[in-house]
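Contents: one structure, followed by commentary.
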């Protein structure tokens, strides 16, 4: 019984970590202020309702729920991410890194963070 409880708490803890713990090494910065050395693509992972109201020019639209299934349709391995909140950003970056993409920066709509240039991994 104790083993089952510990296993259950470990699984729940791991799931909370994946969703809420911030991803390190990816800067929150506007794309025009970011030095892009490689060909990158702007990927909008917001849901349909939000992205339809606030469209982003020259971006690939793919909600975070579809990243696992349709990631092969992203035209570049270097991605600038647009998300609606921190949870969506964390999930999107982790999925993309797991699939072999490099996220060079991100923007959260309605973000209050200051532009800061982090370490480009």
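What distance in nm lies between label points placed 7 Å from Cα along the C-beta direction at residue 50 and residue 102?
2.7
Just checking my list [x] 28, 16, 15; [y] 30, 17, 13; [z] 26, 24, 11 against semi-axes √(5λ) of the Cα gyration tensor in Å computed from this structure; which label fits?
Label [x] holds the value from this structure.
Name the residue, out of 24, 86, 107, whose mean-square fluctuation peaks in a Gaussian network model built on the chain with Cα pairs under 10 Å.
Checking each option, the largest mean-square fluctuation is seen for 24.
When the chain is modelled as a GNM with alpha-carbon springs shorter than 10 Å, which of 25, 92, 105 fluctuates the most?
25
If each of residue 60 and residue 39 carries a label point 7 Å out from its Cα toward its Cβ, how far apart are those two points in nm?
1.1
For the chain, set up a GNM with springs between Cα atoms under 10 Å and report which of 27, 63, 75 has the largest fluctuation.
Top of the fluctuation ranking is 75.
Please work out the FRET efficiency for the pair residue 76 and residue 1, using the Cβ-Cβ distance as r and a Förster radius of 35 Å; give the result to the nearest 0.05.
0.10
Every number here is computed from the coordinates shown, using simple stated rules; none is lab data. Please read these numbers as outputs of a predicted model, since none were measured by experiment. Heads up, the Cβs are rebuilt from the backbone with ideal geometry, glycines too, and the neighbour counts pull from every protein chain shown.
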